[in-house]
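Notes follow once the structure below has been shown.
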Amino acid sequence: MSERESGTPGTPGTSGTWSRNKPLSRAFTAPVRAMNRFLGANGEHPDGSGGRPAASSIVDCGVYVAGKRLAGEFSPDEALRVACSHEDGFVWLGLHEPSQEEMAAIGHTYGLHELAVEDAVKAEQRPKLENFGAVHFLVMRTARYVPHHEITETSQVVETGQMMIFVGEQFVITVRHGDASELGSVRADLETERAALLEQGPWAVAYAVTDRVVDHYVLVADQVEADLDIIEEGVFSRGAASPIQAIYQMKRELVEFRRAVVPLQRPLAMIVAIVPKRIGKYFRDVQDHLTRTVEQVSSFDDLLNSILQARLAQVTVDQNNDMRKIAAWAGIATVWAAGAGIYGMNFPNMPEFKWMYSYPAWWALIVLVSVLLYRAFRRNGWL
């Protein structure tokens with residue numbers, strides 16, 4: 001079963017190398033692999049004979065000759081032997097989060113450098129292109145937009161992973177970490193709709209995978225832009241403004257996205273310089289899309305900084321308004337405190353002490369002064 005049909009890795013042999021499976025019909029292998037997935041990590045047979053090891057990281061292993069996929073199932077070593085028997089044949093081996101042992105076995109079979117094998121397992125690499133003899137090793141970071149109802153200080157907006165591509169003379173190995181940029185639909189599209197492109201060999205597969213990763217960058221950038229519009233509208237609206245914590249969280253997510261997009265420019269430029277001209281034009285198209293996304297991300301960073309500064313300015317203005325209100329009410333309260341302090345001294349010779357209207361006159365004076373102060377503060381915008 002191919003990657004586009006199941007998305008589930010295959011099964012390695014019980015010895016240190018990969019077992020040679022006889023080509024089976026898809027109708028027969030489908031229920032077997034479905035049962036393996038149902039049984040879980042033990043990978044036991046339905047009859048209970050637990051002799052089969054856990055499912056491996058192999059998602060699909062296909063042999064292509066003249067742009068057409070050969071029928072049957074192949075183990076990695078068998079696929080390489082079949083591909084090498086044809087002048088225009090090559091292997092496309094798809095892996096998902098391989099273990100150190102599995103990647104070492106594949107590296108031994110395909111002649112991969114030990115440093116590249118180590119990088120493919122760790123999945124903590126910066127986008128780069130390295131040359132190990134006849135094998136080129138491309139590392140990219142994948143990105144996926146995470147849907148959410150609103151932006152909070154804990155919202156995850158962009159989820160990143162990694163995509164590694166080994167390109168040899170007669171093989172291409174894709175190693176994917178994370179859930180972003182699945183390749184099942186890429187393989188299906190190449191096999192059905194773009195067979196002519198597939199005839200151009202392993203670099204055609206590398207282009208299709210790179211194009212899918214960059215296309216996801218474009219989608220993520222468009223959705224992030226929509227989030228920034230919502231944050232900007234919240235900051236400048238009369239209602240409840242976006243909290244500063246949410247803006248900082250968006251800034252952190254944007255930094256994560258930037259780390260995936262910006263460093264890929266140099267590896268793509270290097271690829272355009274080394275690939276054949278017939279495939280170089282495809283990579284230049286990918287390069288154009290990446291450049292547009294990089295420009296978007298840079299503009300997002302500037303916009304988010306402006307939004308943050310505007311929100312901080314709003315906080316300062318709100319604090320000043322609060323301080324003015326407090327000062328205005330304190331001024332009004334001072335009138336009452338002053339009146340109470342003067343007439344609370346109880347001196348016997350005070351002029352108004354024996355006047356029968358002194359008490360209501362005191363109330364009238366205090367209320368009148370308070371009303372005048374209140375109107376003055378309201379007129380000046382303090383209250």
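The values are calculated or read from the model by the stated rules, or taken from the named source; none is laboratory data. Quantities reported herein were computed from a predicted structural model and do not represent experimental measurements. Cβ atoms come from the backbone with ideal geometry, glycine included; neighbour counts cover every protein chain shown. The accessibility values were calculated without ligands, DNA or RNA, using every heavy atom of the protein model including side chains. Shrake-Rupley method; radii C 1.70, N 1.55, O 1.52, S 1.80 Å.
What's the carbon and sulfur percent of segment 165-317's accessible surface, probe 1.4 angstrom, rounded to a whole number?
The nonpolar share, carbon plus sulfur, comes to 50 percent.
Just grab the label-to-label distance for Arg259 and His149, each label 7 Å out from Cα along the Cβ direction, in nm (one decimal).
Each label point lies 7 Å from its Cα, and together they span 3.0 nm.
Quick one: of Lys128/Lys251; Lys68/Lys281; Lys251/Lys281; Lys128/Lys281; Lys251/Lys325, which pairs are farther than 30 Å apart, Cα to Cα?
From Lys128/Lys251; Lys68/Lys281; Lys251/Lys281; Lys128/Lys281; Lys251/Lys325, over 30 Å: Lys251/Lys281; Lys251/Lys325.
At a Förster distance of 30 Å, what's the computed FRET efficiency of Asp179 paired with Asn320, Cβ-Cβ distance as r, to 0.05? Spell out each step's value before the answer.
Numbers: r = 48 Å, r/R0 = 1.59.
E between Asp179 and Asn320, to the nearest 0.05, is 0.05.
Provide the FRET efficiency to the nearest 0.05 for the Val367-Gln245 pair, computing r from the beta carbons and using R0 = 56 Å. Mind dumping the intermediate values first?
Details: r = 45 Å, r/R0 = 0.81.
The value I calculate is 0.80.
Give me the net charge of Arg259's neighbourhood, meaning all other residues with Cβ under 15 Å from the Cβ of Arg259; Lys, Arg count +1, Asp, Glu -1.
Working: positive: Arg126, Lys128, Arg141, Arg144, Lys251, Arg252, Arg258, Arg266; negative: Glu124, Glu159, Glu253, Glu256, Asp301.
After counting each charged neighbour, the total is +3.
From Cα pairs below 8 angstrom and at least 6 apart in sequence, can you work out the relative contact order of segment 55-183, rounded to a whole percent?
Computed value for segment 55-183: 24 percent relative contact order.
Would you mind getting me the FRET efficiency between Leu312 and Arg69? Use the beta-carbon distance for r and R0 = 41 Å, nearest 0.05.
The formula returns an efficiency of 0.10 here.
On average, how much accessible surface per residue is there in segment 272-369, in Å², for a 1.4 Å probe, leaving out ligands, DNA and RNA? Spell out each step's value before the answer.
Values: 6600 Å² over 98 residues.
Roughly 67 Å² per residue, with all protein chains present.
Just want to confirm a number: the relative contact order over segment 162-273, from Cα pairs under 8 angstrom separated by 6+ residues, in percent.
On the way: 53 pairs, mean separation 18.5, N = 112.
Taking the mean separation of contacting Cα pairs over the length of segment 162-273, I get 17 percent.
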